[in-house]
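Chemist: The structure that follows is given in the form of structure tokens.
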Amino acid sequence: MVPTDANFMGNVFGGHILGEIDLVAYIAATRHSKSACVTASFDRVDFLQPVRVGDVVDFDAEITFVGTSSMEVWVRVRAEPSRGGPTQMVGEAFVTMVAVDAHGHPVPVPPLVLESVEERLRFEEGRRRMEERRRTRHPRPK
Ligand SMILES: CC(C)(COP(=O)(O)OP(=O)(O)OC[C@H]1O[C@@H](n2cnc3c(N)ncnc32)[C@H](O)[C@@H]1OP(=O)(O)O)[C@@H](O)C(=O)NCCC(=O)NCCS
């Protein structure tokens, strides 16, 4: 993180981290779908501790659930302090990306290949979160 990423406290601006989360989620979703994608939703993000200017920040993205055209991407953020010390968990987010065609209409994505018990568990948890999002979201304006 560089000085232009800083907020008024001299730590990194939270919006900058959110933008990076969106970008890595987009990369993961386009790699999986081989299609253009848009961000449909961001679940709650808690910043567990500040990121300092100079920290090396690592973003790790994994697709946890796939519907018809939507993908849930789990992004974890960790920071390695520039002055040494252990890498710290900064926060995590679940981002829903939707694969779209050239007109912005949703298109189907390939299924997820689930290889481990953990991946299967995360898929079922993702399905539950996706159902909850569907139940609680606002309808799209006409
Ligand atoms: C996301 C978008 C393409 C969905 O289009 P839509 O006409 O509402 O399509 P549908 O209702 O058929 O939904 C398509 C999929 O998106 C999912 N979806 C739609 N809105 C969602 C939301 N707010 N949160 C999570 N998933 C959502 C649906 O559950 C569905 O998933 P599935 O195909 O896996 O079953 C559309 O709402 C859109 O273009 N939004 C703006 C996206 C954007 O510009 N993002 C950047 C913001 S600047």
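Chemist: So if we plug the beta-carbon distance of Ser41 and Arg76 into 1/(1 + (r/R0)^6) with R0 = 22 Å, what FRET efficiency do we get, rounded to 0.05?
Modeler: Working: r = 18 Å, r/R0 = 0.82.
After rounding to 0.05, the efficiency reads 0.75.
Chemist: Sticking with this structure for a sec: At 1.4 Å probe size, put Thr4, Thr96 in order of accessible surface, largest to smallest. Display every interim value, and only then the final one.
Modeler: Details: Thr4 125, Thr96 10 Å².
Ranked from most to least accessible, the order is Thr4, Thr96.
Chemist: What is the extension gain from Asp60 to Gln88, computed as 0.36 nm multiplied by their sequence separation minus the C-alpha to C-alpha distance, in nm to one decimal?
Modeler: Values: separation 28, 0.36 × 28 = 10.08 nm, distance 1.34 nm.
Here the answer is 8.7 nm.
Chemist: Evaluate the Debye formula for the chain with equal point scatterers sitting on the alpha carbons, no solvent, and hand back log10 of I(q)/I(0) at q = 0.15 Å⁻¹, in q order, two decimals.
Modeler: Treating every Cα as an identical point scatterer, log10 I(q)/I(0) equals -0.80.
Chemist: As I understand it, the value is the acute angle between the Cα axis of helix 14-33 and the longest principal axis of the Cα atoms of the chain; what does it come to in degrees, rounded to 10?
Modeler: 40 degrees
Chemist: I've got another one for you. What is the distance in Å between the Cα centres of region 61-95 and region 1-53?
Modeler: Here the two parts' Cα centres lie 9 Å apart.
Chemist: Continuing with the same structure: For Val53 and Ala6, compute 0.36 nm times the residue count separating them, minus their Cα-Cα distance, and round to one decimal in nm. It would help to have the intermediate numbers written out before the result.
Modeler: Details: separation 47, 0.36 × 47 = 16.92 nm, distance 0.66 nm.
Gain on extension, Val53 to Ala6, equals 16.3 nm.
Chemist: Hey, another quick one. Is it possible to state the helix-based mean residue ellipticity at 222 nm for the chain, with each DSSP H run of 4+ residues giving -39500 (n - 2.57), the sum divided by total residues, to the nearest 500 deg cm²/dmol? What is it?
Modeler: Details: 2 runs with 40 residues, N = 142.
Helix-only estimate at 222 nm: -9500 deg cm²/dmol.
Chemist: Quickly work out the Ala102-to-Glu125 label distance, labels modelled 7 Å from Cα along the C-beta direction, and quote it in nm with one decimal.
Modeler: Those two pseudo-labels are separated by 4.0 nm.
Chemist: Let me ask you something else. Per-residue accessible area for His105 at 1.4 Å probe radius, Å² rounded to 10?
Modeler: Ignoring ligands and nucleic acids, His105 comes out at about 100 Å².
Chemist: From the residues Gly104, Val77, Val117, which one has its Cα farthest along the dipole of the chain in the positive direction, the dipole being from +1 and -1 charges on Cβ of Lys/Arg and Asp/Glu about the Cα centre?
Modeler: Gly104
The values are calculated or read from the model by the stated rules, or taken from the named source; none is laboratory data. Since the model is a prediction, treat every value here as computed from it, not as a measurement. No Cβ is skipped: glycine too gets one built from the backbone with ideal geometry, and neighbour counts run over all protein chains shown. Keep in mind that these areas ignore ligands, DNA and RNA; they rest on the heavy atoms of the full protein, side chains included. Shrake-Rupley method; radii C 1.70, N 1.55, O 1.52, S 1.80 Å.
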